[in-house]
Structures are given as C-alpha cells and as structure tokens.
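Read through the structure below, which is laid out as structure tokens, and then see the notes.
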Amino acid sequence: MTYDPSPARRIHPLLRVIRNGDQTVNSCRAKISGRVFSAAEPKPEKKGLELLNLAGAQQAVALHDPSSEIDLVSLTSRQLTKRPKWPEVEPASTSFVNVSIEVTPRPDDKGSDGSDVAAERIAAACRNALPKAKSKRPPGMVNRRGRLISATVPVSFLDTLWTDPDVTFVQPAETLSIDLPLEEGDTGRTERKIGGEDVHGRGAGILVGIIDVGGFDFAHPDFLRADGTTRFNRIWDQGGSFRTTAAHLGYGCEFTQAQMNDAIRAEAAGGLPATEIERQSQRSPGSHATHVASIAAGNEGVCPEAEIIAVLVDVPLPEEDRERRAFTFSDSSRIIDAIEYLIATANEIGKPITINVSLGTNGGAHDGSSGVTRWIDSALTVPGRSVCFAAGNAGQQDSTGPEDFGFIMGRIHTSGRIPARGLDTEIEWVVVGNGIADISENELEIWYSPQDRFEVEVLPPGDTTWLRAAPQEYFENERLSDGTTVSIYNELYHPANGANYISIYLSPNLTPGQFRGIRAGVWRVRLRGVDIRNGRFHCWIERDDPRNLGAFGGMQFWRFPSFFTEASNVDSHSISSLACGNNAVAVSNYDAASNRMNITSSQGPTRDGRFKPDIAAPGSKILAANGFDSRDALWTAKSGTSMASPYVAGVIGLMLNANPGLNAAQCLGILQRTSRPLPGGTYDWVNDAGFGRIDPETAIQEAASFSNRRDLNA
C-alpha cells in the first residue's frame, strides 16, 4: 500500500495550530480554552492582576451600540512592534488535547478474535503516552469503537499520530456549548402525563440517561419514591473529586444509589442536606441538569417510573469562579465517554436506555461526519438505545429590543454561491472591541464541494494587505502588528466526508508579558472561484459562551463569541453539529401556548441536505424541578431546546418500554411518521419544526404495534 507522503494531511488544522505552540503558550491556552489541559503553570504576566466579579453577558454587549456595527468593533489595543512568523518549537509534552482518531482499514488487519489489530495498537499507544504519575495525568481516557478511537493525548504525541501509516485522520474534539435556556420563573403546572399507561407502563422497564451540567438534585421530591428513596441509580460526576475515582472511569467520581439514599436518610434525621453530604462538583441553584432530568423522568415527568442514570459534564457555568473555569478540560469527547458509560450501565442492568443531551457544538461540517457524531451513530446500531440532542438556541438573527442580544449567539452561519470562475464573494466576521479584549481563539470553517476550487483571502481590521491562500496552501502563525496570530488552511478532500474545506484561526498573543486580545473589528473573508462546477459553500463560526476572565491595564478580558454581520449572516443551517448525526434525534422548541415555533430554535437542514431537526416538542415556559434551591421554591420554568429534547427522550423511553426491540433508526422513523403539522402547515419537513410537533400517544401505539404482521400465505 502506498501511503500519503505528506503526514501533516492526516491531522486537522486546529491540532496543527495547537501543536505549533510551545509549552508556555499551551499553558496559557489551557487557561482560556476547555480544549487544552496543562499540567504546567504558565509564568504569571504580572502580579496583582485584578479579577472582576463576573458580570452577565448582556452587560458586556451593552458596552456597544447594537445598532452600529462600527461602534461595536472599534479598535482598542495598542500596537506592538511587528514580529516575524513564529519559528518551529518543541511541542508541549505536559499539555494535552482530546482527539478522535480514525484508523485505516486493511483486509489482513484482524486478530484471531476478529479485533482490529492496528486500532488496538494505536489505542494502546495513546494510553502509554499519558503520564504514569496520577498527579500529572489529565482527566480523560481512551475509548475504542471499531476503527474509531477517542483519546486524551499529550500535544507532543500528535507528531507520532500523524506519522503513523495506519492513521487515516486525527480530529480535535469540539467545544461544548451550554446553550443556557431562558429563565421564566414559576408559570404554572406543565402537564406531561401521557395516556396509554397499559402500553407504556410509565417507563418502569427502561432507563433514562441524562448528560448535562449544573448538578443533579437527587433529593428533590420530584425524584423520590413513595418510601423516600431516590430514583437516581447512579451519577458520574466527570469533574468531581469528592469520592475516589473508580478504576473503570479514569476520572471524576461516581455516586451510587446506596450512597445517595444514605445521605437522604441522614438529612431526614436532622443532618446536612443530602446533596451536601454527597457533594457534586456543580450544585447550581436552578440547575439545568435537574430541570432536564425532571422533564424526562421526574415524578411529574414523561417517564415517572424509570430509573435515572446521570452524567455531570464538567462544563463550567458562567457564575462559577474564575479559577475553576480556567482549569476545566472538557469538550465533546466527554459526550463519548458519557454515552459509553451509560450504555455499559444499561448492559449491566439489562434494560433499554433512552439518552438526552441538551448540550451542543457549532464546529465541523454539520453533516454527521465528525468523530463524535460517527461514534454515536455506531453506538446506536444495537436495539434498545436512543439519543436525543437539543437542536440549539441559535435561531434568532435580529435584536427584538434594546436589551436583547440573542442575535449575537444566532449569527453563526453564512452560505452562498460563487457562480463562475474569477468571481468572488465577501464575508464579514466580527470580533468585539470597545473596552473588551477577546482572548478566546476564534475559528471559522468554510465547506464546499470537491468539484470546486476556491481561493481565500483574509483582510484584518485596519489593514490594507490581504492574506491569500490558494487550494493546498496555508499560513501558519502569521503575526500581525498587534500580536494577533492568523492561521489559514485551504484543504482538499476531507478524509471523513470528501468535501473541501477552509479553516481560519485567530489567536490572541499568548506570549507572557505581551498578553493581548484578538484584534477587534470586522475581519473580511473573500472567496474567489478558481475552478467552479457547483459553487455553493457553507460557513460556520465555532461559538464561545461569554465569560469574563478578569481585568488588566484598564481592559476587560473575555472569552466572547465572534459573529457575522447582519449583511453576511444567513438564517438557516444553525442546528448544533452534534444533532446532525444520522441516528440521533434532533429536537426543536415548539411553543405550545402560542401554537408556533420559538424564535430562538435553531434551524436545519444539515450541510449535506438531510432533514434535521427531526421533531418539535414543547420547550417554552416548561415548569420542572428547581434544583439546589429552597424547598419553598421547588419548581421553575425555563425555555429552550434544552427543555424540548428531554420531553422527546422521555417519549422514546415509553416507546422502548412498549417495544424493547426498537433501534434508534426505528424510533426516529416512528416519530417522523406520527408527527403532526403545526397550525396551517403540511406534512412536509420545514427547517425549524422538522416533520412537525410530536404526538406522543400515537408514537407509542405505533411502536407497540408496527411489528404485527399478517401472513397472506396462511
């Protein structure tokens, strides 16, 4: 077999950006990004750094005039002496990243037991690359499913991976977004009781898996049986250290049902609150995770008799302290770890499982080809498993009033068509300014047909010289006069989907003593047709959740989302990339009170034209359990696709209770068949509601009866 003579093509451009940083740079990178972990501390830039109390994201945006793009992006940082391009550096050996690895299949690559020899060899090498000392080991693990590997590896180990001839491609894990719902207070009871209990059994024979953030209030009355014990079977706290890490987990800690019940009894006897006795790493009042679990499987939820298995993902919330947010190492690989844990637990208990994930990502091709979505599709081929994903809350593209800044989170996609060779189009990409320095690394990806060839040019704000890259050309670590670093990769034939793609990365100056945010302003991206047969393209921004990281020298440092201008934004294809898998169910937010879709619900289709989202469910002003708060305030209402998705996960749980032999594809097909059009609509798929609003009773009846056949030969 002839191998690719250019090993660097086997690694995603973002991993090249990370690999090009030395240990000092990656130690700084780890403080502002959940995608990198460092066991080494960067040298402090200056003593006495003043930390601000965290303000809300809206306060940050309010520094700008949302009606004026010019005011929004005015430049603030002083100019530095122009520096040359960074030289080659030794890769960081005490910094770590999470990756998905695809191994090249070979007909002779099977062990005596049928296993993939090369895949197991590479997985073992990933395990051996981690430090032996527990104190220096990052939170993470190595999983393998066939020829796909999910692994935590040292940055320095990337060189080994991309030169391994058995490696097809190495992709980074994607940034996880919390996509926090709108708080609605107490709006009155939300009815979730579903008829046909003789068919679905209230979910008594199934498990409900919840992967979420904020903490699980296992002692809330909505999760207690009549005898006072909890319906949570176990909780894996991925960021927890309260209990010793179990050997089978690799990181975090696990709370068993027996431990939780002991804590509940201790509280009843006059002790501390049960959730203080068994302390999770997150216990946020009004917890997102508790609310989601309540919808799917609380006593007032869709599956009131099901046992609950929960995974608390270590994605820091905005109100959490800066140090915890700075040292968190969490991305989409944690979803893989969580799903593998839930599936293993379901196999151990011997019950079907329906899983809900109300978290999202916005990077990648949005066609189901990412390492995470392919992994999940592979895991869902076995009967008795299903996963629901929230479609996302990025449907809003315009401000609805002077205090509404939801449009920033909604302007994440653009698309268009270059009709002929020599013609071009421009995209306007905004990085905020006006007293805010954005020190997150901003990413933009452009995906287009393999039939075409595009040239890309980038013009930084205030400059007159465009940075240009033709197909198969790239810039790495191009330093601007203010220290901002630009990397551009114009790649052909992505190994996972065959599409062409252009990646652009804007990095702050992470050099100690010269720390600066990314240059603020409108970055102009020009696409020019070199050879055109199709001409269509789609472009997404990887989104940050706004977070205040402190102040220095009169400047507020933030991780802040970049976005497209109103002129460039295209209001479609904003669905979370996690929800673009083939077998997962993508759920949008239906406002039952107004009989219409919620304006914030993200839209499809996928980049490759598949129909996502699949189904709409009630997700507006949904009353459910109010976790970790006063027992005088047991309930709270929230709005978002985060609330719609667990409703569908609960319905699928009842479908599996009625017919445990269903697989994920069949569950998806039944939901599509039994959905109902919105008022005035048809049965045609639409980009915000999918195939329509869910009809739970009909879906459950269809699940129970569809396999009944009549033998015409009898």
(message) I need the full set of residues from region 435-487 which are among the aliphatic types (A, V, I, L, M), farther than 30 Å from LEU549 by Cβ and assigned to a loop (DSSP other than H, G, I, E, B), in order please.
(response) ALA470
(request) Considering only region 456-503, state which residues are of a type in the set (Phe, Trp, Tyr) and on the phi < 0 side of the Ramachandran plot. (result) TRP466, TYR474, PHE475, TYR489, TYR501
(message) Yes or no: region 661-684 includes at least one residue that is closer than 24 Å to ALA593 by Cα, aromatic (Phe, Trp, Tyr) and in contact (Cβ under 8 Å) with a residue 60 or more places away in the chain.
(response) no
(message) Quick check on my filter: what residues within region 685-701 are free of Cβ contacts under 8 Å to residues at least 40 places away in the same chain and in a helix (DSSP H, G or I)?
(response) THR698
(message) Restricting to region 151-175, name every residue that is farther than 15 Å from PRO131 by Cβ and under 21 Å from the mean Cα position of the chain (by Cα).
(response) PHE169, VAL170, GLN171, PRO172, ALA173, GLU174, THR175
(message) Being free of Cβ contacts under 8 Å to residues at least 60 places away in the same chain and under 30 Å from ALA658 (Cβ atoms): is that true of ALA258 here?
(response) no
(message) Within region 313-370, take every residue that is under 17 Å from the mean Cα position of the chain (by Cα) and among the basic types (Lys, Arg) and give me the one that is modelled with the lowest pLDDT.
(response) ARG325
(request) Within region 583-592, identify whether any single residue is farther than 20 Å from VAL292 by Cβ and crowded, with 24+ Cβ neighbours inside 10 Å, and answer yes or no. (result) no
(message) I'd like to verify a number: residues in region 567-593 that are farther than 22 Å from LEU671 by Cα and of a type in the set (Asp, Glu), how many?
(response) 1
(message) For the condition out of contact with any helix residue (DSSP H, G or I) (no Cβ under 8 Å at 6 or more places or on another chain), within 26 Å of SER601 (Cβ to Cβ) and modelled with pLDDT under 95, what is the one hit in ASP404, ASP377?
(response) ASP404
(message) Residues that are in contact with an Asp or Glu (Cβ under 9 Å, 6 or more places away or on another chain), within 30 Å of VAL167 (Cβ to Cβ) and aliphatic (A, V, I, L, M): does region 531-539 have at least one?
(response) no
(message) Tell me the residue from ASN569, ASN598 that is touching a helix residue (DSSP H, G or I) at 6+ places or on another chain (Cβ under 9 Å), in contact (Cβ under 8 Å) with a residue 60 or more places away in the chain and closer than 30 Å to ARG192 by Cβ, please.
(response) ASN598
(message) Any residue at all in region 529-549 that's of a type in the set (A, V, I, L, M) and in contact with a helix residue (DSSP H, G or I) (Cβ under 9 Å, 6 or more places away or on another chain)?
(response) yes
(message) Out of GLY195, GLY201, I need the residue that is on the phi > 0 side of the Ramachandran plot and surrounded by fewer than 18 Cβ atoms within 10 Å (Cβ to Cβ). Which one?
(response) GLY201
(request) Answer yes or no as to whether THR163 is β-branched (Val, Ile, Thr) and modelled with pLDDT under 90. (result) no
(request) Could you tell me whether any residue of region 620-628 is touching a His at 6+ places or on another chain (Cβ under 7 Å), outside the structural domain of ASN434 (by TED's automatic domain parsing) and of a type in the set (A, V, I, L, M)? (result) yes
(message) Six or more apart or on different chains, Cβ atoms under 6 Å: show the pairs whose first residue is in region 159-174 and over 28 Å from VAL315 (Cβ atoms) and whose second is in a strand (DSSP E or B).
(response) TRP162/ILE11; ASP166/VAL103; THR168/GLU102
(message) Are there strands (runs of 3 or more DSSP E) fully within region 579-673 with at least 3 residues that are farther than 24 Å from LEU312 by Cβ and either touching a strand residue (DSSP E or B) at 6+ places or on another chain (Cβ under 9 Å) or among the small types (Gly, Ala, Ser) (or both)? List them.
(response) 585-591, 615-618
(message) Let me spell it out: the conditions are (1) at pLDDT 90 or above; (2) crowded, with 19+ Cβ neighbours inside 10 Å; (3) within 28 Å of the chain's Cα centre (by Cα), and PRO546 meets all of them except one. Which number is the exception?
(response) (1)
(request) Would you please name the residue that is farthest from the chain's Cα centre (by Cα), looking only at residues in region 467-506 that are more than 22 Å from ARG9 (Cβ to Cβ) and small (Gly, Ala, Ser)? (result) SER481
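The values are calculated or read from the model by the stated rules, or taken from the named source; none is laboratory data. Just so it is clear, the model here is predicted, and its values are computed rather than measured. A quick note on method: Cβ atoms are made from the backbone with ideal geometry, for glycine too, and the neighbour counts reach across all protein chains shown.
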